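Just below is one structure, and these are the notes that go with it.
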Amino acid sequence: DAGITQSPRYKITETGRQVTLMCHQTWSHSYMFWYRQDLGHGLRLIYYSAAADITDKGEVPDGYVVSRSKTENFPLTLESATRSQTSVYFCASADWRPHISYEQYFGPGTRLTVT
Amino acid sequence: QQQVKQSPQSLIVQKGGISIINCAYENTAFDYFPWYQQFPGKGPALLIAIRPDVSEKKEGRFTISFNKSAKQFSLHIMDSQPGDSATYFCAASIVDSNYQLIWGAGTKLIIKP
């Protein structure tokens with residue numbers, strides 16, 4: 001039971017290239033999230049999804065695109081990578097149920113470097 | 001008003017001591033306050049959480065203290081151990097209206113043997 005996985009774990013790309021980061025969860029959680037983590041900023045929400053085919057912007061969505069055609073997958077695409085998108089990206093999932101469960105489960109992260 | 005301010009940014013504590021990390025918020029509608037623990041190279045993981053109907057919650061050596069009037073909450077780690085060395089994040093949410101967590105900036109905790 002892998003839980004939540006991310007691939008690749010490390011990626012180096014050049015400015016202007018398109019990059020897709022993959023996220024897969026085996027719990028069938030309804031909610032999924034993409035965060036970026038930068039020193040001094042903690043975790044900032046990029047996009048989130050309440051269910052398949054339902055996505056919405058978070059705090060820092062510019063330059064990113066998401067899709068969710070299946071419950072278990074939530075890929076994040078950088079359409080034209082910029083150096084400011086160098087960061088560690090975390091995917092998370094949650095079986096969010098009021099008064100019952102609020103925990104977010106995080107993947108191991110993808111370290112992306114844009115040169 | 002959506003911010004959660006976390007302090008200190010870094011903290012060094014001797015083994016066996018008490019580690020204290022503080023968070024403050026402005027939005028009085030927040031009603032769920034979790035703490036997440038992150039080890040190097042790993043994703044954050046839920047450590048302990050509190051709802052505002054109680055002033056304190058304890059799980060083993062970890063305690064959350066919650067002060068609703070001051071809009072502050074803190075994490076206390078008793079008998080701190082080298083294995084507790086990690087980055088700690090506080091967060092806040094309005095659980096019945098949305099599932100987004102508003103995160104503090106994190107505290108890097110180092111426990112010296």
For region B:4-112, build the charge dipole from Cβ charges (+1 Lys, Arg; -1 Asp, Glu) around the Cα centre, then report which of B:ILE111, B:ALA86, B:ASN67 sits farthest towards its positive end. B:ILE111
With Cβ to Cβ distances under 12 Å as the rule, what net charge do the other residues near B:GLY17 carry (K, R +1; D, E -1)? +1
Unit Cα scatterers, Debye sum, region B:1-52: log10 I(q)/I(0) for q = 0.13, 0.15, 0.30 Å⁻¹: -0.43, -0.56, -1.26
Normalised alpha carbon radius of gyration of region B:4-112 [divisor 2.2 N^0.38 Å]: 1.01
Once label points are set 7 Å from the Cα along Cα→Cβ at both A:SER28 and A:SER69, what is their separation, rounded to one decimal in nm? 2.2
From the protein chains alone at 1.4 Å, what is the descending order of accessible area for B:LYS58, B:LYS112, largest first? B:LYS58, B:LYS112
Chain pair B, A: how much accessible area is buried, both chains summed, with a 1.4 Å probe, in Å² to 100? 1800
Can you run phi through the Karplus equation (6.51, -1.76, 1.60; θ = phi - 60°) for region A:73-88 and list ³J(HN,Hα) in whole Hz, with x for Gly and Pro? 10, 8, x, 10, 10, 9, 5, 8, 4, 10, 4, 5, 8, 5, 5, 9
Calculate, in nm to one decimal, what B:ASP31 and B:ASN67 gain on full extension: separation in residues at 0.36 nm each, minus their alpha carbon distance. 11.7 nm
Relative contact order of chain B, pairs being alpha-carbon contacts under 8 Å that are 6 or more residues apart, as %: 37
Isotropic mean projected area of the C-alpha convex hull, the protein assembly as shown (nm²): 12.6
Taking every C-alpha to C-alpha distance in region A:4-114 and binning by 10 Å from 0, the per-bin percentages run 15, 50, 29, 5, 1
For A:GLN104, other-chain or 5+-apart residues with amide H closer than 5 Å (H placed, Pro excluded) are none
Each residue of region A:90-107 in turn: what ³J(HN,Hα) in whole Hz from Karplus with 6.51, -1.76, 1.60 and θ = phi - 60°, glycine and Pro shown as x? 10, 9, 9, 9, 8, 9, 6, 10, x, 6, 10, 8, 10, 5, 9, 10, 9, x
Rounding to the nearest 20 debye, state how big the charge dipole of chain A is about its Cα centre with +1 on each Lys and Arg Cβ and -1 on each Asp and Glu Cβ. 280
Once neighbouring chains are kept in place and the probe is 1.4 Å, which whole percent of the accessible area of chain B is contributed by carbon and sulfur? 50
Across the protein assembly as shown, how many lysine pairs, 8 or more apart or on two chains, come within less than 25 Å at their alpha-carbon atoms? 28
At 7 Å along Cα-to-Cβ for each site, give me the label-to-label distance between A:ARG83 and B:ASN22 in nm. 3.8
Return one whole number: the accessible area per residue of the protein assembly as shown in Å², for a 1.4 Å probe. 49
Plugging the Cβ-Cβ distance of B:ILE110 and A:HIS41 into 1/(1 + (r/R0)^6) at R0 = 25 Å yields, to the nearest 0.05, a FRET efficiency of 0.75
Residue-count net charge about A:THR113 - beta-carbon cut-off 11 Å; Lys, Arg +1, Asp, Glu -1: +2
Distance from the Cα centre of region A:75-113 to that of region A:1-72, in angstrom? 4
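The values are calculated or read from the model by the stated rules, or taken from the named source; none is laboratory data. Predicted, not measured: the structure shown is a model, and the values here were computed from it. Glycine gets a Cβ as well: all are built from the backbone with ideal geometry, and neighbour counts include every protein chain shown. We work out accessible area using only protein heavy atoms, side chains counted, and drop any ligands, DNA or RNA first. Shrake-Rupley method; radii C 1.70, N 1.55, O 1.52, S 1.80 Å.
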